[in-house]
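Here is the structure we will look at.
The values are calculated or read from the model by the stated rules, or taken from the named source; none is laboratory data. These numbers come from a predicted model, not from an experiment. Reconstructed Cβ throughout: ideal geometry from the backbone, glycine too, with neighbour counts over all protein chains shown.
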Amino acid sequence: MKLKRTPQIVVPLALGLIVGSSAIAQTVPIPSFNLEVGQSANPDQVASTLQIIALLTVLTLAPAILIMTTAFTRIIIVLSFIRNALGTQQSPPNQVLVGFAMFLTFFIMAEPWSQVYDQALKPYFDKQIGQEVAFQKATVPIKNWMVRFTREKDLALFLRIAKLKKPKNIGEVPVWVVIPAFVISELKTAFQMGFIIYIPFLVIDMVVSSVLMSMGMMMLPPIMISLPFKIMLFVLVDGWYLITASLVKSFTG
């Protein structure tokens, strides 16, 4: 009897849900977005369309901008060195490292990004300045921040490659010259930090390998014995705290 009554209850309930959802859809307006390519006699409409296309283009370049002009490069490389030095393969997984590096980047970049908002985005949204002026003002805080961590030798390299005259001040250096110089400076700094991180774990590997060879256990992989000791050392010294503090202080001073 229960099996026969079940369809009789389910069918009216499903019909009620369909009717209710259609009624809600009729009462609640749903926003829509259309992007069409065609002729227009209104210059304002053309300008708005071009702004939308430019915004979509910027969004496609957002990952590269986030990686190349922020602290993300140094952070993710140092975190990768930690995992390789520990020898834990995929622990922590890539998603955890990238997520942690991203939120740590947001924390470090809060000050320059707030300057970008106050000096460029907010006046532009309030229609006080145009697009070109907003872009120029937005690049100034980011460029000044990148210059703080860019080596003069790296900056001079790209100025020489671009065949530009020696600038009188940093304001005369184009942002497209500062970005690659900043990137190679960050790579060098990250590898220096990674080398320092590797030293204590390398010592543990050497000690374990020597002990195993002296005991005649040459067929036993040293990584199987050294891995627990490296993890124990990293936990006892509160490694994640020390690494995070070092990364943040390397940018904030």
Check your understanding: Just to be sure, is Ala138 closer than 20 Å to Phe182 by Cβ and at pLDDT below 90?
Key -> yes
The condition from (1) out of contact with any Gly (no Cβ under 8 Å at 6 or more places or on another chain); (2) without any contact (Cβ under 8 Å) to a residue 12 or more places away in the chain that Tyr124 misses is numbered (1)
Turns out the helices (runs of 4 or more DSSP H) fully within the stretch 69-155 with at least 2 residues that are surrounded by fewer than 19 Cβ atoms within 10 Å (Cβ to Cβ), over 23 Å from the mean Cα position of the chain (by Cα) and not aromatic (Phe, Trp, Tyr) are 122-125, 131-148
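Here is a check on your reading of the model: is Phe182 assigned to a helix (DSSP H, G or I) and touching a helix residue (DSSP H, G or I) at 6+ places or on another chain (Cβ under 7 Å)? Write out each step before concluding.
Details: assigned to a helix (DSSP H, G or I): yes; touching a helix residue (DSSP H, G or I) at 6+ places or on another chain (Cβ under 7 Å): yes.
Spelling it out, Phe182 is indeed assigned to a helix (DSSP H, G or I) and touching a helix residue (DSSP H, G or I) at 6+ places or on another chain (Cβ under 7 Å).
For the stretch 64-76, which positions are aliphatic (A, V, I, L, M) and either out of contact with any Leu (no Cβ under 7 Å at 6 or more places or on another chain) or over 13 Å from Ser250 (Cβ atoms) (or both)?
Let us first name the residues in the stretch 64-76 that are aliphatic (A, V, I, L, M), namely 64-68, 71, 75-76.
Ala64, Ile65, Leu66, Ile67, Met68, Ala71, Ile76 - these are the residues of the stretch 64-76 that are aliphatic (A, V, I, L, M) and either out of contact with any Leu (no Cβ under 7 Å at 6 or more places or on another chain) or over 13 Å from Ser250 (Cβ atoms) (or both).
From Ser185, Ser210, grab the single residue that is over 23 Å from Thr88 (Cβ atoms) and of a type in the set (S, T, N, Q).
Working: Ser210 fails: over 23 Å from Thr88 (Cβ atoms).
Testing whether each residue is over 23 Å from Thr88 (Cβ atoms) and of a type in the set (S, T, N, Q) leaves just Ser185.
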Within the stretch 194-253, restricting to residues that are over 32 Å from the mean Cα position of the chain (by Cα) and small (Gly, Ala, Ser), the one that is surrounded by the most Cβ atoms within 10 Å (Cβ to Cβ) is Ser226
Please verify whether Lys230 is in contact with a helix residue (DSSP H, G or I) (Cβ under 9 Å, 6 or more places away or on another chain), modelled with pLDDT of 90 or more and assigned to a helix (DSSP H, G or I), treating the condition exactly as stated. no
